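Below: the structure, in structure tokens.
The values are calculated or read from the model by the stated rules, or taken from the named source; none is laboratory data. Please read all numbers here as calculations on a predicted model, not as lab measurements. We place every Cβ from the backbone using ideal geometry, glycine too, and count neighbours over all the protein chains shown.
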């Protein structure tokens with residue numbers, strides 16, 4: 001199969017059964033992971049909606065990668081038309097519920113709110129969007145009607161994450177046949193498995209999956225290798241690759257294969273999906289990105305006595321969003337700067353102090369280990385969070401005009417909303433290509449935009 005680390009082994013396309021829902025969330029998670037931002041009730045939602053100025057040329061809409069018509073959906077909340085509000089959101093973003101919870105609104109829509117110009121609090125767009133989305137799902141509203149097609153296209157989506165789900169939904173709206181393949185038993189990708197529980201529960205991600213399934217999208221659990229793509233090319237008119245990134249990068253130091261070492265994505269997945277999963281008492285997280293923050297916060301809420309993040313650069317070079325960093329400090333996470341691991345032992349990690357030196361090609365200053373500065377940190381769990389590798393073998397394979405791609409597989413790991421935008425654009429490009437080629441669908445004539 002093609003693996004997350006980019007390696008290839010010989011295995012044919014093998015369908016192992018349809019995706020089924022699991023008993024999620026796991027026992028105790030609702031207590032350990034209460035909502036980071038409590039939901040609005042009807043009265044507070046109406047009051048917040050009526051604060052909006054309903055800008056004609058709304059900067060919040062421009063700041064959203066999917067360009068949700070923010071003033072319009074908020075206006076509908078203000079007038080009590082919650083279904084209309086939800087449908088406005090769905091027109092732009094089929095994963096509106098997930099995005100309402102995980103989007104970094106501080107740097108997107110709310111960060112662009114005109115209220116900032118008047119030194120006033122920005123409109124709580126994320127919470128209002130969540131209010132409309134939850135009202136829609138709680139109403140039991142059915143799936144969207146799909147346009148009938150005399151000659152529907154057949155499209156395969158590789159991976160069941162946000163990009164593929166968005167692509168599949170857009171194609172089904174236009175009446176085309178879509179099959180989504182994923183190696184895991186539950187669809188949703190990182191929304192289901194990899195986003196911190198206090199931001200997005202698996203059950204919310206799976207609600208969106210079930211709605212898309214209700215539109216007529218077929219889901220199959222399957223391992224897809226590079227050879228199996230030959231079979232898919234024969235059966236499908238187009239193939240969308242939304243396979244995400246590969247395995248998390250390794251530390252490259254002695255001891256990283258010890259049993260107390262678990263990478264951040266596997267750690268978060270275990271917290272979300274494994275009943276009885278436990279953490280260490282003193283946890284060391286290696287890395288300075290948003291995933292490192294999520295893992296550290298999850299460890300705190302799972303009962304770790306101390307959680308420490310070690311980063312080889314300084315606070316100002318930390319890639320995590322500032323609001324994520326501030327939240328981690330509130331959770332009780334302790335930070336250590338200019339520290340790089342050199343060896344993991346049975347009950348401790350050996351670090352070396354670093355110093356920032358010259359700038360590299362990306363403009364970031366490189367950390368240089370300082371001789372004689374080694375120190376040890378006692379811990380019983382180590383969580384590396386260094387980023388993920390790209391699946392280069394698959395990337396080379398899909399570099400032809402029958403394939404389209406989006407999400408983290410293309411952009412290297414951005415936000416859920418960026419993946420949703422990529423998937424929708426790819427679907428629209430397939431529709432355009434299918435219309436141009438008519439009945440001759442041996443291969444597409446247009447490449448999908450990669451966002």
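This table checks each residue for (1) over 19 Å from residue 59 (Cβ atoms); (2) surrounded by fewer than 16 Cβ atoms within 10 Å (Cβ to Cβ).
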| site | (1), (2) |
| --- | --- |
| 79 | yes, yes |
| 93 | no, no |
| 97 | yes, no |
| 103 | no, no |
| 110 | no, no |
| 117 | no, yes |
| 120 | no, yes |
Determine which single condition residue 209 fails, assuming it passes every other condition in (1) out of contact with any strand residue (DSSP E or B) (no Cβ under 7 Å at 6 or more places or on another chain); (2) surrounded by fewer than 21 Cβ atoms within 10 Å (Cβ to Cβ). (2)
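Given the options 72, 32, name the one that is at pLDDT below 95 and in contact with a helix residue (DSSP H, G or I) (Cβ under 6 Å, 6 or more places away or on another chain). Steps first, answer last, please.
Values: 72 fails: at pLDDT below 95.
Result of the check over 72, 32: 32.
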Out of all the residues in region 217-225, is one or more at pLDDT 90 or above, surrounded by fewer than 18 Cβ atoms within 10 Å (Cβ to Cβ) and in the same structural domain as residue 327 (by TED's automatic domain parsing)? no
Only one of (1) over 30 Å from residue 228 (Cα atoms); (2) in contact with a strand residue (DSSP E or B) (Cβ under 8 Å, 6 or more places away or on another chain); (3) at pLDDT below 95 fails for residue 362. Which number is that? (2)
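Residues 275, 296: which one is over 27 Å from residue 415 (Cβ atoms) and in contact (Cβ under 8 Å) with a residue 60 or more places away in the chain?
Working: 296 fails: over 27 Å from residue 415 (Cβ atoms).
Only one candidate passes the filter, namely 275.
Each row is one residue, and each column tells you yes or no for (1) free of Cβ contacts under 8 Å to residues at least 24 places away in the same chain; (2) in the same structural domain as residue 203 (by TED's automatic domain parsing); (3) more than 16 Å from residue 377 (Cα to Cα); (4) assigned to a helix (DSSP H, G or I).
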site: 316; (1), (2), (3), (4): yes, no, yes, yes
site: 319; (1), (2), (3), (4): no, no, yes, no
site: 335; (1), (2), (3), (4): no, no, no, no
site: 342; (1), (2), (3), (4): no, no, no, no
Any idea which of (1) in a strand (DSSP E or B); (2) touching a helix residue (DSSP H, G or I) at 6+ places or on another chain (Cβ under 9 Å) is the one residue 265 doesn't satisfy? (1)
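Would you confirm whether or not region 350-364 contains a residue that is assigned to a strand (DSSP E or B), touching a helix residue (DSSP H, G or I) at 6+ places or on another chain (Cβ under 7 Å) and under 18 Å from residue 250 (Cβ atoms)?
Scanning region 350-364 turns up no residue that is assigned to a strand (DSSP E or B), touching a helix residue (DSSP H, G or I) at 6+ places or on another chain (Cβ under 7 Å) and under 18 Å from residue 250 (Cβ atoms).
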Answer yes or no: is there a residue in region 302-310 that is in the same structural domain as residue 348 (by TED's automatic domain parsing), at pLDDT below 95 and surrounded by 21 or more Cβ atoms within 10 Å (Cβ to Cβ). yes
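Among strands (runs of 3 or more DSSP E) lying entirely in region 161-254, which contain 3 or more residues that are over 26 Å from residue 267 (Cα atoms)? If you could, list the steps in order and put the result at the bottom.
On the way: elements: 177-182, 218-223, 238-241.
Once the strands (runs of 3 or more DSSP E) in region 161-254 are filtered for at least 3 residues that are over 26 Å from residue 267 (Cα atoms), what remains is 177-182, 238-241.
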On the basis of being free of Cβ contacts under 8 Å to residues at least 40 places away in the same chain, in the same structural domain as residue 210 (by TED's automatic domain parsing) and more than 24 Å from the chain's Cα centre (by Cα), does residue 148 make the cut? yes
Please return the ranges of helices (runs of 4 or more DSSP H) entirely within region 36-110 where 2 or more residues are under 28 Å from residue 426 (Cβ atoms). 59-63, 70-78, 82-92, 96-102
Are any residues in region 290-309 more than 8 Å from residue 385 (Cβ to Cβ) and in contact with a helix residue (DSSP H, G or I) (Cβ under 7 Å, 6 or more places away or on another chain), and if so, which ones? 290, 293, 294, 296, 297, 298, 300, 301, 302, 307, 309
Which numbered condition trips up residue 334, out of (1) crowded, with 18+ Cβ neighbours inside 10 Å; (2) over 21 Å from residue 252 (Cα atoms)? (1)
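Would you mind finding the one in 245, 258, 165 that is touching a helix residue (DSSP H, G or I) at 6+ places or on another chain (Cβ under 7 Å) and modelled with pLDDT of 95 or more? Can you show your working first?
Numbers: 245 fails: modelled with pLDDT of 95 or more; 258 fails: touching a helix residue (DSSP H, G or I) at 6+ places or on another chain (Cβ under 7 Å).
Sole residue among the options that is touching a helix residue (DSSP H, G or I) at 6+ places or on another chain (Cβ under 7 Å) and modelled with pLDDT of 95 or more: 165.
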Which condition from (1) out of contact with any helix residue (DSSP H, G or I) (no Cβ under 7 Å at 6 or more places or on another chain); (2) at pLDDT below 50; (3) within 22 Å of residue 165 (Cα to Cα) is the one that residue 10 breaks? (3)
Considering residues that are buried (at least 19 other Cβ atoms within 10 Å of the Cβ) and within 30 Å of residue 352 (Cα to Cα), the number found within region 387-412 is 1
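Looking for something out of contact with any helix residue (DSSP H, G or I) (no Cβ under 8 Å at 6 or more places or on another chain), more than 30 Å from residue 322 (Cβ to Cβ) and in contact (Cβ under 8 Å) with a residue 12 or more places away in the chain - is there at least one such residue anywhere in region 102-121?
First, the residues of region 102-121 that are out of contact with any helix residue (DSSP H, G or I) (no Cβ under 8 Å at 6 or more places or on another chain): 107, 115-120.
From what is left, the residues that are more than 30 Å from residue 322 (Cβ to Cβ) are none.
No.
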Residue 230, sole failed condition from (1) within 30 Å of residue 90 (Cα to Cα); (2) without any contact (Cβ under 8 Å) to a residue 12 or more places away in the chain: (1)
